Amino acid sequence: MRHVLSALVVNQPGVLAHISGMLASRAFNIDSLAVGATEDPEFSRITFVVHGDARVLDQVRKQLEKIVTVVRVLDFSGLDFVERDLMLIKVGTKEAGKRTEIKELTEIFRGKIVDVSHEHVMIELSGQESKIDAFIDVMRPFGILELVRTGRVALLRSEAITADAAATQQPAVEPARAL
């Protein structure tokens, strides 16, 4: 089973290395990983995807919660959340007529052409994993020259963060105060 986890961590050097090293040393495979700043510069959010049963997930959470720089761990499984991946893809356009078809397909998938040369176009696409996978399949016949994807990012739709933080007995981060 696929689990999307989010860890709010203290923003300091070595946190990501510590977390990924801990997971690797316990033979947990990370399928997707994204790290970025939050609304509070003191914290970063690490979103990652792991596969496994409830026992595996429980082990991952327990190990993460032992790390001093981890403030809170959330499991999005069974919760209402939004997740997105971002992709840049470079597709060949040497043959006549390819550009128009690629442009139309990009618009259908709500992507954006971000770079054009005589030999290729570069397209930016964001969305759920299945949408990006489908777009890649559609672009294969045109000749994919290069492709890069980010790790998954996700946020809960509701206010369930406070309840989950209490359940993990981790301190909740106070919301940013208006000046």
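Every number in this text was worked out from the coordinates using simple rules, so none of it is lab data. Nothing here was measured: the structure is a model prediction, and the numbers come from that model. Here Cβ is always computed from backbone atoms with ideal geometry, including for glycine, and neighbour counts include all displayed protein chains.
Quick look at the values:
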| item | result |
| --- | --- |
| Which labelled figure in [x] 50, 18, 12; [y] 34, 18, 15; [z] 37, 18, 15 is semi-axes √(5λ) of the Cα gyration tensor in Å, once derived from the coordinates | [z] |
| Unit charges on C-beta of K, R, D, E only; dipole of the stretch 84-149, Debye | 80 debye |
| The stretch 112-159: C-alpha gyration tensor shape, a/c 1.5 cut-off, then a/b vs b/c | prolate |
| Residues whose placed amide H lies under 5 Å from that of residue 120, excluding near-sequence neighbours | 93 |
| Relative contact order (%) - the chain, alpha-carbon pairs under 8 angstrom, separation at least six | 27 percent |
| Of the trypsin sites (Lys or Arg not before Pro) in the stretch 46-76, those whose Cβ has at most 11 other Cβ within 10 Å and which sit in DSSP loop | 66 |
| Cross-link reach list, lysines versus residue 94, counting only Cα pairs under 20 Å and skipping chain neighbours closer than eight places | 103, 112 |
| Helix-only CD estimate at 222 nm, as mean residue ellipticity for the chain, using -39500 (n - 2.57) per DSSP H run (n ≥ 4) | -9000 deg cm²/dmol |
